[in-house]
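**Student:** Just passing along the structure, written as structure tokens.
The values are calculated or read from the model by the stated rules, or taken from the named source; none is laboratory data. Note that this is a predicted model, so its numbers are computed, not measured. Note that we place each Cβ from the backbone using ideal geometry, even for glycine, and neighbour counts take in every protein chain shown.
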Amino acid sequence: MSRLGLIDYGMGNLHSVQRGFERLGASVQTVHGAEEMEGCTALVLPGVGAFDPAMERLRQGGLATAISSWCAAGRPLLGICLGLQLLFEASDEGTAAGLGLLKGRVRALPRHPDQPIPHMGWAPLIPSSPSPLLPADAPESWVYFVHSYAADPSDGACNTALVGFGDTAVTAAVWQGAIGACQFHPEKSGPHGEAILRRWLAWLGRL
């Protein structure tokens, strides 16, 4: 059974994420510091709110350094919503440096006359590079979004899914090495979100 470390830095929707994983049979423990990561199979970085306050809290608690060390060792991490954005180098939302685990910048969603911001509601994923989250044979997935910013990776190959926004498409999920992340909320996305989390847990079980 996978033992997941759910990172608590005061800005995550921990309850719904924890319940989502526990429904799938995973063991979840809350992590506040590096010492609590010991014995975990993987980390989950959730997030709701703004980029700069989130990074400040991660740095104040020593979690930024601990997460970076974890990923440098090739250990698995899944980011959710703001947790995806924090993995990148910087964001249009503020001035703080991100974790820099993935190269690129988080950018404000483009203005479009027929597309309100924030982007909120259900939308289908557009498959990009296959990954354990979205393999090549994965069925169409409709998932739930709430965001005003989207990652712009330096290497587009790390995009495993996009989502349509106005007359363009933006990052919906990424995968690189042992790091995966979803801009949408899989824990709030019904059976399709559950299937994505199941695939990630199955991948962990094969490591």
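**Student:** So which residues in the range 11-28 are polar (S, T, N, Q) and under 14 Å from the mean Cα position of the chain (by Cα)?
**Tutor:** Within the range 11-28, the subset polar (S, T, N, Q) is 13, 16, 18, 27.
Within the range 11-28, just Asn13 meets the criteria.
**Student:** While we're looking at this one, here's another question. Name the residues in the range 1-28 that are surrounded by fewer than 22 Cβ atoms within 10 Å (Cβ to Cβ) and of a type in the set (Val, Ile, Thr), would you?
**Tutor:** Listed by number, the list holds a single entry, Val28.
**Student:** Could you run through the range 155-170 and say how many residues are assigned to a strand (DSSP E or B) and either acidic (Asp, Glu) or without any contact (Cβ under 8 Å) to a residue 60 or more places away in the chain (or both)?
**Tutor:** At the first step, the residues of the range 155-170 found to be assigned to a strand (DSSP E or B) are 159-165, 168-170.
Right, trim to either acidic (Asp, Glu) or without any contact (Cβ under 8 Å) to a residue 60 or more places away in the chain (or both) and you get 159-165, 168-169.
The number of residues fulfilling the criteria is 9.
**Student:** Looking at (1) closer than 23 Å to Asp155 by Cβ; (2) buried (at least 18 other Cβ atoms within 10 Å of the Cβ), can you tell me which one Ala73 breaks?
**Tutor:** Every listed condition holds for Ala73 apart from (2).
**Student:** Please go through the range 40-67 and pick out each residue that is in contact with a Ser or Thr (Cβ under 6 Å, 6 or more places away or on another chain) and within 19 Å of Gln183 (Cα to Cα). If you could, list the steps in order and put the result at the bottom.
**Tutor:** The first filter runs over the range 40-67 and keeps only residues in contact with a Ser or Thr (Cβ under 6 Å, 6 or more places away or on another chain), leaving 41, 51.
Within the range 40-67, just Phe51 meets the criteria.
**Student:** Something else now. Filter the range 1-10 down to the residues that are over 14 Å from the mean Cα position of the chain (by Cα) and among the hydrophobic types (A, V, I, L, M, F, W, C), then identify the one that is modelled with the lowest pLDDT.
**Tutor:** Here the residue is Met1.
**Student:** Looking at Leu84, Leu134 in this structure, which one is in contact with a Lys or Arg (Cβ under 9 Å, 6 or more places away or on another chain), under 23 Å from Ser16 (Cβ atoms) and surrounded by 14 or more Cβ atoms within 10 Å (Cβ to Cβ)?
**Tutor:** Working: Leu84 fails: in contact with a Lys or Arg (Cβ under 9 Å, 6 or more places away or on another chain).
Going through Leu84, Leu134 in turn, the sole match is Leu134.
**Student:** Same structure, new question: Could you please find all residues in the range 29-46 being buried (at least 22 other Cβ atoms within 10 Å of the Cβ) and without any contact (Cβ under 8 Å) to a residue 40 or more places away in the chain?
**Tutor:** Matches in the range 29-46: Val31, Leu43.
**Student:** Restricted to the range 155-207, and to residues that are in contact with a helix residue (DSSP H, G or I) (Cβ under 7 Å, 6 or more places away or on another chain) and polar (S, T, N, Q), which residue is surrounded by the fewest Cβ atoms within 10 Å (Cβ to Cβ)?
**Tutor:** Checked the range 155-207; the qualifying residue surrounded by the fewest Cβ atoms within 10 Å (Cβ to Cβ) is Gln176.
**Student:** Continuing with the same structure: Restricting to the range 98-109, name every residue that is exposed (fewer than 14 other Cβ atoms within 10 Å of the Cβ) and out of contact with any strand residue (DSSP E or B) (no Cβ under 6 Å at 6 or more places or on another chain).
**Tutor:** Applying the first criterion (exposed (fewer than 14 other Cβ atoms within 10 Å of the Cβ)) to the range 98-109 yields 103, 108.
Selection gives Lys103 alone.
**Student:** Which residues, counting only those in the range 33-49, are part of a loop (DSSP other than H, G, I, E, B), modelled with pLDDT of 95 or more and either within 14 Å of the chain's Cα centre (by Cα) or not hydroxyl-bearing (Ser, Thr, Tyr) (or both)? Full working, then the answer.
**Tutor:** So in the range 33-49, the residues part of a loop (DSSP other than H, G, I, E, B) come out as 33, 38-41, 46-49.
Filter again for modelled with pLDDT of 95 or more, leaving 40-41, 46.
Within the range 33-49, Cys40, Pro46 qualify.
**Student:** Can you tell me which of (1) over 14 Å from Gly180 (Cα atoms); (2) surrounded by fewer than 18 Cβ atoms within 10 Å (Cβ to Cβ) is the one Phe145 doesn't meet?
**Tutor:** (2)
**Student:** What number of residues within the range 20-64 are within 24 Å of Gly94 (Cα to Cα) and basic (Lys, Arg)?
**Tutor:** Qualifying residue count for the region: 2.
**Student:** Applying the selection to the range 111-121, what residues are surrounded by 12 or more Cβ atoms within 10 Å (Cβ to Cβ) and in contact (Cβ under 8 Å) with a residue 40 or more places away in the chain?
**Tutor:** Residues satisfying the conditions are His112, Gln115, His119.
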